[in-house]
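No lab work stands behind these numbers, since they all come straight from the coordinates. Everything numeric here is computed off the predicted structure, so don't read it as measured data. Here Cβ is always computed from backbone atoms with ideal geometry, including for glycine, and neighbour counts include all displayed protein chains.
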Amino acid sequence: MLKRLLTAAAGVAMLCTGAQAGEVRVGLGWHDITDTEYGMDVQGEIVFDSPGFLQRIGELKPYLVASTNTEGNLNFAGGGLQYDRFITENWFAEFQFGIIVHDGRIELPPPWEPVERQHVLDTEKTYGCETLFHSVPAIGRKINDRWAASMYLEHLSHGKILCSTGKNEGNDTLGLRLHRTF
C-alpha cells in the first residue's frame, strides 16, 4: 500500500513540476450514499496552478487529495488533473479525474466462511483492487477573491480497467468543501 501511494504521489509530483500550489481545500462528505458503509469523509486537497505544458491543452491543473473516513471505512490518497470554468462571474463548474490508492476491502472472504462473508456483504464494499479511478464533478460559488465553496459528487471505481477482478462496487460520496486561493 505504501509503495503504491508513494508511486502515485511521485507521478503527480512530476506533473506538478513548474506548478505552484494555487489553492487548498478542506471538505466533508457523506460517505457511500448507497448506505453500505457509513461515516463522514474528511478530505484535504491541494490544487496546483496549471504548468506551462498543460496550459496548452485547456489549462488543466494537477491536484493531490487525501481522505479519511470517520468510521474507519475507506481511506485514500492520490492525484490527477482538474478542469474548471466560470459559468458566471461568481459560479463555477469543475471536473477532476485521477488515480487513488486506498485501504478498503479488496476481496470477499471465501465461500467456506459463510458467516464472515455475509457480514462483509452487509457492512462493507469490496473494491476489487487497491488502485481506483477518482472522478469528481463539482459546482461552486466564489465568496470573495480568496475564498470559495463547492458541492461535489465523488466517484471511486476501477472501471474493470485497472484490474481484472469481477468485483467493482465503487463508492460515491456527496460533500461540501471550502477553497482557499493563494
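Odds and ends about this structure:
- In the stretch 79-127, one over the average inverse separation of all distinct C-alpha pairs is 14.3 Å, which is the Kirkwood hydrodynamic radius.
- Mean-square fluctuations from a GNM of the chain, with a 10 angstrom spring cutoff on Cα atoms, peak among 67, 164, 150 at 164.
- Other residues whose C-beta falls under 13 angstrom from the C-beta of residue 116 contribute a net charge of -2, scoring Lys and Arg +1 and Asp and Glu -1.
- Violating pairs (Cα-Cα greater than 20 angstrom) within the set 61/160; 125/160; 61/142: 61/160
- Compared with the dominant Cα axis of the chain, that is its longest principal axis, helix 114-123 is turned about 30°.
- Local charge for residue 93 was computed over the other residues whose Cβ lies under 9 Å away, with Lys and Arg +1 and Asp and Glu -1, and equals -1.
- As a length-normalised measure over Cα pairs under 8 Å and 6 or more apart, the relative contact order of the stretch 43-182 settles at 17 percent.
- Measure of compaction for the chain (Cα Rg per 2.2 N^0.38 Å): 1.09
- Between helix 2-15 and the chain: long-axis angle, C-alpha atoms, 0 to 90°, nearest 10: 20
- Between 97, 133, 86, the residue with the greatest mean-square fluctuation in the GNM of the chain (Cα pairs under 10 Å linked by springs) is 86.
- Taking Cβ atoms as reference points and 12 Å as the exclusive limit, the residues near residue 170 contribute a net charge of -2, counting Lys and Arg as +1 and Asp and Glu as -1.
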